[in-house]
Amino acid sequence: MKLATLSDGSKDGRLVVVSKDLTRFTDVSHIAANMREAVDNWADVKRRLENAAQGLLVGSVPSDRFHEHDAMAPLPRASQWADGSAYVNHVELVRKARGAEMPASFWTDPLMYMGAADAMLGARDTIPAASEDWGIDLEAEVGVIVTDVPLGCSVEEAASKICMVVLINDISFRDLIPAELAKGFGFFQSKGPTALSPVAVTLDELGDDWRDGKLHLPIHVQLDGEAFGKADAGVDMVFDFPTLIAHAAKTRKISAGAIIGSGTISNKFEDGPGKLIQDGGVGYSCIAELRTIETINAGKPETPYLGFGDMVRIEMNDADGHSIFGAIEQIVEKV
């Protein structure tokens, strides 16, 4: 089942079920007014939403043409946005870029920060920034939407709390990070608003590509129309999603409608740093990694961060090449 949120003039929009091929939708606001209400009552509404999805498939319910650019974030106002660092290779590289050593504990205890959940961006919303000097960067990720998670939830129980999966662009302002972290707090100003894919997808829709608490598919990243990355989300993921959820719930309960992110997807290349696609690697899911490797190889970074007018595209396809979540496609805009 695929769910999306369309604008109706309210902050939370109206809930719709979208066809598998992302071409049609049917309104289900009579079942749950919006995504937040659906997740709050997931056990009660899931079957009715699935029936609507089946009706859409066979043509027995009213439907309209679905356009990805009309979609808000599936959860425009999440109850919480907590981003992990499941791909330790990424953490190691970006810390190396700012001259910070990586503690050994990072391989056994995930990092996590709490971001701004009150205004998640739609997939076609712009990336707002006041200055290119902030070091504007994308971060292509996978995230899960959860139902209520109790305090102290076990990893095994956490797996049952996942109800949907989304793609994420977790925008970072790299040149603001060092000074902010030097204060002993952060991230705050160094993280921009977060964008979500046009649709959220239930686990059954992903089939065998969802296993072991991970999504085993490449995430495709383009910058200004050129292939930049195709790292596999199931490879080099040190902490699976149930582990990240249990980590977040160690000292607090997590309310339904929270989004838990994987962190930037990052693959190694033959047990070493990643390589460009044109050099036989899988590329990158953020610019910071490439700049770090350029510094290692040439003594300084060569690739600039994003500038005003640049376009980022993030998408994931199934085995037949069909888009699963729709595409995040954002232009950097001066505000």
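The values are calculated or read from the model by the stated rules, or taken from the named source; none is laboratory data. All values reported here derive from a predicted model rather than from experimental measurement. Cβ atoms come from the backbone with ideal geometry, glycine included; neighbour counts cover every protein chain shown. Just so you know, the surface numbers come from the protein's heavy atoms only, side chains and all, with ligands and any DNA or RNA stripped out. Shrake-Rupley method; radii C 1.70, N 1.55, O 1.52, S 1.80 Å.
Per the conditions (1) closer than 30 Å to Ile293 by Cα; (2) assigned to a strand (DSSP E or B); (3) touching a helix residue (DSSP H, G or I) at 6+ places or on another chain (Cβ under 8 Å), the sole criterion not satisfied by Thr26 is (1). For the residues Ile277, Ile293, the requirement of being of a type outside the set (S, T, N, Q), without any contact (Cβ under 8 Å) to a residue 60 or more places away in the chain and over 30 Å from Leu3 (Cα atoms) singles out Ile277.
Would you confirm whether or not region 54-73 contains a residue that is outside any loop (DSSP other than H, G, I, E, B), more than 24 Å from the chain's Cα centre (by Cα) and buried (at least 18 other Cβ atoms within 10 Å of the Cβ)? If you could, list the steps in order and put the result at the bottom.
So in region 54-73, the residues outside any loop (DSSP other than H, G, I, E, B) come out as 54-58, 64-65, 68-71.
When the remaining residues are screened for being more than 24 Å from the chain's Cα centre (by Cα), the result is 54-58, 64-65.
Still in the list and also buried (at least 18 other Cβ atoms within 10 Å of the Cβ): 56.
Yes.
For region 34-48, how many residues are more than 16 Å from Ser79 (Cβ to Cβ) and either among the small types (Gly, Ala, Ser) or more than 23 Å from the chain's Cα centre (by Cα) (or both)?
Within region 34-48, the subset more than 16 Å from Ser79 (Cβ to Cβ) is 43-48.
Restricting the remaining residues to those that are either among the small types (Gly, Ala, Ser) or more than 23 Å from the chain's Cα centre (by Cα) (or both) gives 43-45, 47-48.
Residues meeting the conditions: 5.
Using the structure shown, decide if Leu93 is within 23 Å of the chain's Cα centre (by Cα) and either part of a loop (DSSP other than H, G, I, E, B) or among the basic types (Lys, Arg) (or both).
Working: within 23 Å of the chain's Cα centre (by Cα): yes; either part of a loop (DSSP other than H, G, I, E, B) or among the basic types (Lys, Arg) (or both): no.
Considered against the rule, which asks whether it is within 23 Å of the chain's Cα centre (by Cα) and either part of a loop (DSSP other than H, G, I, E, B) or among the basic types (Lys, Arg) (or both), Leu93 comes out as no.
In this structure, does Phe325 turn out to be farther than 25 Å from Trp107 by Cβ, surrounded by 24 or more Cβ atoms within 10 Å (Cβ to Cβ) and touching a residue at least 60 places away in the same chain (Cβ under 8 Å)? Show your work before the answer.
Values: farther than 25 Å from Trp107 by Cβ: yes; surrounded by 24 or more Cβ atoms within 10 Å (Cβ to Cβ): yes; touching a residue at least 60 places away in the same chain (Cβ under 8 Å): yes.
For Phe325, the condition - farther than 25 Å from Trp107 by Cβ, surrounded by 24 or more Cβ atoms within 10 Å (Cβ to Cβ) and touching a residue at least 60 places away in the same chain (Cβ under 8 Å) - is met.
Against the test of being over 22 Å from Ala195 (Cα atoms) and not basic (Lys, Arg), the options Glu132, Glu156, Glu139 yield a single qualifying residue, Glu156. Set side by side, the residues Lys300, Lys250 differ, and just one is open to solvent by 20 Å² or more (accessible area, probe 1.4 Å), modelled with pLDDT under 95 and over 17 Å from the mean Cα position of the chain (by Cα), which is Lys300.
Filter region 285-335 for residues that are acidic (Asp, Glu), part of a strand (DSSP E or B) and touching a Lys or Arg at 6+ places or on another chain (Cβ under 9 Å) and give the result. Talk me through it step by step, then tell me what you get.
Within region 285-335, the first condition is being acidic (Asp, Glu), and the residues that meet it are 289, 294, 302, 310, 315, 318, 320, 329, 333.
Going one step further and asking which of them are part of a strand (DSSP E or B), we end up with 315, 329, 333.
Selection gives Glu329 alone.
Among the residues of region 213-240, those identified as out of contact with any helix residue (DSSP H, G or I) (no Cβ under 9 Å at 6 or more places or on another chain), part of a loop (DSSP other than H, G, I, E, B) and surrounded by fewer than 22 Cβ atoms within 10 Å (Cβ to Cβ) are Asp224, Gly225, Val235. Checking every residue in region 263-282 against the condition of being exposed (fewer than 15 other Cβ atoms within 10 Å of the Cβ) and in a helix (DSSP H, G or I) gives at least one match. Go through (1) farther than 23 Å from Ala195 by Cα; (2) surrounded by fewer than 17 Cβ atoms within 10 Å (Cβ to Cβ) for Gly307 and report which single condition fails. Failed condition: (1). Considering (1) crowded, with 18+ Cβ neighbours inside 10 Å; (2) modelled with pLDDT of 95 or more, the lone condition that Ala97 does not fulfil carries the number (2).
Taking Asn41, is it of a type in the set (S, T, N, Q) and without any contact (Cβ under 8 Å) to a residue 12 or more places away in the chain?
Numbers: of a type in the set (S, T, N, Q): yes; without any contact (Cβ under 8 Å) to a residue 12 or more places away in the chain: yes.
Spelling it out, Asn41 is indeed of a type in the set (S, T, N, Q) and without any contact (Cβ under 8 Å) to a residue 12 or more places away in the chain.
More than 30 Å from Gly299 (Cβ to Cβ) and of a type in the set (Lys, Arg) - does that describe any residue in region 97-110? Scanning region 97-110 turns up no residue that is more than 30 Å from Gly299 (Cβ to Cβ) and of a type in the set (Lys, Arg). Comparison of Ser85, Ser105 shows that the only residue that is over 17 Å from the mean Cα position of the chain (by Cα), under 26 Å from Asn267 (Cβ atoms), open to solvent by 10 Å² or more (accessible area, probe 1.4 Å) and of a type in the set (S, T, N, Q) is Ser105. If the condition is being part of a helix (DSSP H, G or I), open to solvent by less than 50 Å² (accessible area, probe 1.4 Å), closer than 25 Å to Gly307 by Cβ and not aliphatic (A, V, I, L, M), then region 175-211 contributes only Glu180.
Hey, among the residues in region 108-143 that are in a loop (DSSP other than H, G, I, E, B), within 30 Å of Gly213 (Cα to Cα) and open to solvent by 40 Å² or more (accessible area, probe 1.4 Å), which one's modelled with the lowest pLDDT? Break it down into steps so the answer makes sense when it comes.
Going through region 108-143, the residues in a loop (DSSP other than H, G, I, E, B) turn out to be 108-111, 115-120, 122-126, 130-131, 135, 138-139.
Keeping just the survivors that are within 30 Å of Gly213 (Cα to Cα) gives 108-111, 115-120, 122-125, 138-139.
Going one step further and asking which of them are open to solvent by 40 Å² or more (accessible area, probe 1.4 Å), we end up with 108-109, 111, 116, 118-119, 124-125.
On the way: Thr108: 88, Asp109: 91, Leu111: 91, Ala116: 94, Asp118: 95, Ala119: 93, Arg124: 98, Asp125: 98.
Among those that are in a loop (DSSP other than H, G, I, E, B), within 30 Å of Gly213 (Cα to Cα) and open to solvent by 40 Å² or more (accessible area, probe 1.4 Å), it is Thr108.
When region 199-254 is filtered for residues that are among the acidic types (Asp, Glu), over 18 Å from Leu290 (Cβ atoms) and out of contact with any strand residue (DSSP E or B) (no Cβ under 7 Å at 6 or more places or on another chain), the ones remaining, listed by number, are Asp204, Asp208, Asp212.
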